[in-house]
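I have placed the structure first, in the form of structure tokens, so that the comments after it can refer back to it.
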Amino acid sequence: MRAVYPGSFNPFTPGHLDVVNRARALFDEVIVLVAVNGSKRPGADEEQRAAAVRASLPAGWTSVTVAAWRGLTSAYCLRHQVGVIVRGVRNTTDLQVECRLAAMNQSLGVPTVFLPAQPELAAMSSTAVRTLGERLPRSG
């Protein structure tokens, strides 16, 4: 079975990498879907973010591909014969939001599987990584 792991990945974090790694053990193929989210203002477009995700993946992960997409994740899944959406969940707030999205995607014919964050990665979000990166002194 093919799975898609969608997100804005702005940036791709160790937590995201962990979800992809665990999804690889569950599915034949995992597609990291770099999506456009109208409520977020990423510093790079989806193609640039997709390239950054590709560069973050270990070379041996041949069952993982990366694609950029503008549109509903369920539409991608139906168009590309992907059977399931994978979502990482860090906390109860994430779970509430993700359950609503999962219900919508299920009504469109695509189920969702939740993978809880590893405890040591649960506090790390893309927003936190970006904020830390902006506050660190730059060398050079």
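Worth a mention:
- Note on exposure: Phe114, Phe27 ranked by accessible area (1.4 Å probe, complete protein assembly) read Phe114, Phe27, with the most exposed listed first.
- Based on the reciprocal of the average 1/r between different C-alpha atoms, the Kirkwood radius for segment 1-81 equals 12.8 Å.
- Annotation note: trypsin sites (Lys or Arg not before Pro) in segment 5-84 located in DSSP loop regions with a Cβ neighbour count of at most 14 within 10 Å are Lys40, Arg70.
The values are calculated or read from the model by the stated rules, or taken from the named source; none is laboratory data. Being a predicted model, the structure only gives us computed values, none of them experimental. Neighbour counts run over all protein chains shown; Cβ positions are idealised from the backbone, glycine included. These accessible areas exclude ligands, DNA and RNA; they are computed on the full protein's heavy atoms, side chains included. Shrake-Rupley method; radii C 1.70, N 1.55, O 1.52, S 1.80 Å.
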